[in-house]
There are 2 protein chains.
Amino acid sequence: MKKLINSPDSVVADALRGVEAAHGDRLRVTFDPFTVVRADAPISGKVGLISGGGSGHEPMHGGYVGPGMLDAACPGEVFTSPTPDQMLAATKAVNGGAGVVHIVKNYTGDVLNFEMAADLAKAEGIEVETVLTNDDVAVEDSLYTAGRRGVGVTVLVEKIAGAAAAAGRNLQEVAEIGRRVNANGRSMGVALSACTTPASGRPSFELGEDEVEIGIGIHGEPGRFREPIGSAAQLASRLMTPILEDLPFRSGDRVLAFVNGMGGTPLIELYVFYAEVAKLAAEHGLKLERNLVGNYITSLEMQGASITLLKLDDELLRYWDAPVDTPALRWGA
Amino acid sequence: MKKLINSPDSVVADALRGVEAAHGDRLRVTFDPFTVVRADAPISGKVGLISGGGSGHEPMHGGYVGPGMLDAACPGEVFTSPTPDQMLAATKAVNGGAGVVHIVKNYTGDVLNFEMAADLAKAEGIEVETVLTNDDVAVEDSLYTAGRRGVGVTVLVEKIAGAAAAAGRNLQEVAEIGRRVNANGRSMGVALSACTTPASGRPSFELGEDEVEIGIGIHGEPGRFREPIGSAAQLASRLMTPILEDLPFRSGDRVLAFVNGMGGTPLIELYVFYAEVAKLAAEHGLKLERNLVGNYITSLEMQGASITLLKLDDELLRYWDAPVDTPALRWGA
């Protein structure tokens, strides 16, 4: 195992020191417990948004903290849920009196810990709504999940619900918009290689020389099946068919297409892949109104990609387009 | 070799189809020859900026085309210089009557082809100034280079000179600012793994199980030496010492620090690395006024990172902060 780290034990703390050094002008990093918070939080009267999960998926979630997106993130150890005390600390740090939304990816540890944190926050008089993401159509009841896994749509929920909160919408409205994004989004991924957590030092699974895993999870959880690697066109079709059938997406639907790299796949390949996704979407009659191509929810150095399609309406589109100013997503005024 | 591609022969064309599908609202992609041009080019009275080089370094250069940065990019085949006809086409496409700056990384093929393109453009009455980048302190006279290689500082030249052109500066001024960025910038990189070009199908070099290459080039060109992998702190010091000595950077200097991923290293590791860079910079008395952390000039799926330090003055800082709106760098109004 070769990694650009100091020690497997200190990876998360060391990375957070880097986040603090790079973005300390706009983010406040705490180390006991680990949180990344907007420097200007809490914002009086604004609904707060927090998320969190195991580290190793960067830029998710810390890279999405800032105006127009999250108010705070709680990074756990690599591929390990953060603890309720982190979530409670973040909730209190961003509570501006209008309540706090917890955006939770559907993994058992995250769900349980966020539930406990929400209970603790409510006991302190903070209103909390939870938005659960479970957009991965690959499998039900995976290694760490009852039901479907939460993957790429989480980025879109954080952006769109974040914009709704920035626009002054109330707690129930922001949560409803977040849930609508999840309900209208579907994802699936493919791995060309495994990843290695610093603590284990070994690949999370073994793939044959020419084999890919269709339906991979973001922690290396098993997908639907393995097969010899095909062309980008074939792989795009492998992922798009179940995504399109699941919602289902219908001809004429307005869609945001998100091609996400798993961390170790170069951008040139992600654009090759996006071309195939766009072609399949057009063949299906979809109107591709927006897109996002890059490494946004990763699995350490895993090679591979996922596709997320989100059915848009005017409101979701307007909030997608709204300004955002975070380390990983920045646009607008 | 497992890659998310259709065929080794069509990688660049297929990726450009993806760029067109994703960014066709703001970029114009041509396929014969390959160019990526701002949709609103040429802009009358504005100095045009183009760059180009072999593909495989994405988002460089196509991801930097847009307001506040490049007017066009010329992608060559993977790790292969673009041709003079591409550069001439791009030059003509962006010529708004105020001349065109060619930003050229110091590799022999690129230099010769850009020289020829500049001559052809001048013969057609277009004024051309060339800014050569050669910021890599690792080695002199590398595999594809006489003198020093152009690496990370190229991103900074494109951003800062691009802002100067957007601000209405004239051809000589924009070129002078670009040259000043190169003169004030120094870089060096480390590889933890090799990369594999689609055409060759084999790793560009072999590294031992626990070995790194200090001073690696962005095409896998040899660096200064190999050694067993050390901690992120040790590796940062390996790169920072020659960088700091070379300019030299002095206590009190205002600096932009750029930690660049080679393509296959996850962002969590880049932040670990940035923490060490910031610490060493502080120990040296530098004032770290700006930073950039991420995959900006890559070597396909190579694992590793490079450090670029740029000595800032008020003007360079102002142009760095100016708005930019490209696929890969976006901020401001």
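The values are calculated or read from the model by the stated rules, or taken from the named source; none is laboratory data. Source: prediction; values computed, not measured. Neighbour counts are summed over all protein chains in view; Cβ atoms, including those assigned to glycine, are modelled from backbone coordinates with ideal geometry. Remember, those area values only see protein heavy atoms, side chains included, never the ligands or the DNA or RNA. Shrake-Rupley method; radii C 1.70, N 1.55, O 1.52, S 1.80 Å.
The single residue among B:Val277, B:Val293 that is facing chain A (nearest Cβ under 9 Å) and closer than 19 Å to B:Val137 by Cα turns out to be B:Val277. Close Cβ contacts (under 9 Å, 6 or more residues apart or on different chains) running from residues in the range B:212-233 that are within 11 Å of chain A (Cβ to nearest Cβ) and over 18 Å from B:Val137 (Cα atoms) to residues that are among the hydroxyl-bearing types (Ser, Thr, Tyr) and in a helix (DSSP H, G or I) comprise B:Gly230/B:Ser237.
Counting the residues of the range A:64-80 that are within 14 Å of the chain's Cα centre (by Cα) and open to solvent by 10 Å² or more (accessible area, probe 1.4 Å) gives 2. Any residue in the range B:32-53 that is within 12 Å of chain A (Cβ to nearest Cβ) and more than 30 Å from B:Glu176 (Cβ to Cβ)? Scanning the range B:32-53, I find no residue that is within 12 Å of chain A (Cβ to nearest Cβ) and more than 30 Å from B:Glu176 (Cβ to Cβ), so the answer is no.
Residues in the range B:129-158 that are surrounded by fewer than 24 Cβ atoms within 10 Å (Cβ to Cβ) and outside any loop (DSSP other than H, G, I, E, B): 3 in all. Restricting the range B:162-183 to residues that are open to solvent by 10 Å² or more (accessible area, probe 1.4 Å) and under 19 Å from B:Leu244 (Cα atoms), the residue that is nearest to the chain's Cα centre (by Cα) is B:Asn182. So, A:Val111, is that one open to solvent by 20 Å² or more (accessible area, probe 1.4 Å), within 30 Å of A:Arg226 (Cα to Cα) and without any contact (Cβ under 8 Å) to a residue 24 or more places away in the chain or not? The answer is yes for A:Val111. Given the condition over 11 Å from the mean Cα position of the chain (by Cα) and polar (S, T, N, Q), answer yes or no: does some residue in the range A:151-161 qualify? Scanning the range A:151-161 turns up no residue that is over 11 Å from the mean Cα position of the chain (by Cα) and polar (S, T, N, Q). Taken over the range B:296-316, the criterion of being more than 9 Å from chain A (Cβ to nearest Cβ), touching a residue at least 12 places away in the same chain (Cβ under 8 Å) and open to solvent by 20 Å² or more (accessible area, probe 1.4 Å) is satisfied by B:Tyr296, B:Lys311, B:Asp313, B:Glu315. In the range B:26-52, the residues that are outside the structural domain of B:Glu173 (by TED's automatic domain parsing) form no Cβ pair under 8 Å with any partner that is of a type in the set (Lys, Arg) and open to solvent by less than 20 Å² (accessible area, probe 1.4 Å), whether six or more places apart or across chains.
Restricted to the range A:184-240, the set of strands (runs of 3 or more DSSP E) holding at least 2 residues that are surrounded by 19 or more Cβ atoms within 10 Å (Cβ to Cβ) comprises A:185-191, A:211-214. A:Ser200: more than 29 Å from A:Leu312 (Cβ to Cβ), polar (S, T, N, Q) and without any contact (Cβ under 8 Å) to a residue 12 or more places away in the chain, yes or no? For A:Ser200, the condition - more than 29 Å from A:Leu312 (Cβ to Cβ), polar (S, T, N, Q) and without any contact (Cβ under 8 Å) to a residue 12 or more places away in the chain - is met. Selection over the range A:1-50 of residues that are touching a strand residue (DSSP E or B) at 6+ places or on another chain (Cβ under 9 Å), basic (Lys, Arg) and within 12 Å of A:Val94 (Cα to Cα) gives a count of 2.
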